[in-house]
1. How high is the relative contact order of the chain, given as a whole-number percent (alpha carbon pairs under 8 Å, six or more residues apart)?
2. What is the distance, in nm, between label points placed 7 Å from the Cα along the Cα-to-Cβ direction at His75 and at Met1?
3. Val91 label point, 7 Å along Cα→Cβ, cut-off 12 Å on backbone N: hits in region 120-139?
4. What does the net charge come to around Ser131 if you take all other residues with beta carbon closer than 11 Å to its beta carbon, with K and R at +1 and D and E at -1?
5. Express in nm, to one decimal, how much length is gained between Thr30 and Phe50 on full extension, taking 0.36 nm for each residue of separation and deducting their alpha carbon distance.
6. So how much slack lies between Val61 and Ser42, counting 0.36 nm per residue of separation and subtracting their Cα-Cα distance, in nm?
7. Helix 79-89 against the longest principal axis of the chain: what's the angle in degrees, Cα atoms only, rounded to the nearest 10?
8. Would you please give the FRET efficiency between Ala132 and Ala84, computed as 1/(1 + (r/R0)^6) with r the Cβ-Cβ distance and R0 = 22 Å, to the nearest 0.05?
Amino acid sequence: MDLSNLKPAKGSVKKKQRLGRGEGSGSGGTASRGHKGAKSRSGYSKKLGFEGGQMPLQRRVPKFGFKNPNRVEYHGINLDVIEALAKESKVEAITIDFLREKSVVGKKDLVKVLGRGELTMKLTIEANAFSASAKKQIEDKGGEAKVIE
């Protein structure tokens with residue numbers, strides 16, 4: 001057996017019915033499209049969301065809200081989490097790369113340090129943004145809050 005004599009199984013391939021080729025064919029005249037109406041015409045295509053003339057869903061449901069295209073989404077990390085990581089890893093500087101290594105933030109996440117929890121050690125923290133309470137706590141302990149772009 002080789003590729004030159006391969007054939008589909010007997011009865012599995014049927015000829016396409018040729019529509020609109022005269023009355024003798026059995027599918028002439030209206031070409032099995034029925035009488036009149038949009039679906040019987042050439043070039044007909046139903047619009048997306050068309051519901052047969054009924055008011056479509058996207059027009060029945062009211063518009064609502066506003067999506068700000070300039071919104072900057074930050075991944076928030078609290079001071080208690082940062083301190084736990086620093087104690088566990090015995091480091092004095094926390095960078096975004098360090099947080100990515102520890103799988104705390106994703107590869108493209110912007111990081112914002114938030115003020116929940118008590119900071120007990122002096123730390124240098126690099127992040128994209130700081131809340132006012134977090135920055136105050138870090139600086140009160142003698143640490144440094146570096147904002148990076």
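Only the coordinates and a few stated rules stand behind these numbers; no lab work does. Everything numeric in this text was worked out from a predicted model, so none of it was measured. Virtual Cβ from ideal backbone geometry, glycine too; neighbours counted across all protein chains shown.
1. Values: 155 pairs, mean separation 21.8, N = 149.
Relative contact order comes out at 15 percent.
2. 5.4
3. So the set is 124-127.
4. Details: positive: Lys112, Arg116, Lys135, Lys136; negative: none.
Neighbour charge sum, excluding Ser131 itself: +4.
5. Details: separation 20, 0.36 × 20 = 7.20 nm, distance 2.44 nm.
Contour length minus Cα-Cα distance gives 4.8 nm.
6. Working: separation 19, 0.36 × 19 = 6.84 nm, distance 3.28 nm.
Difference between extended and current length: 3.6 nm.
7. The helix 79-89 is inclined about 80 degrees to the chain.
8. Calculated value: 0.50.
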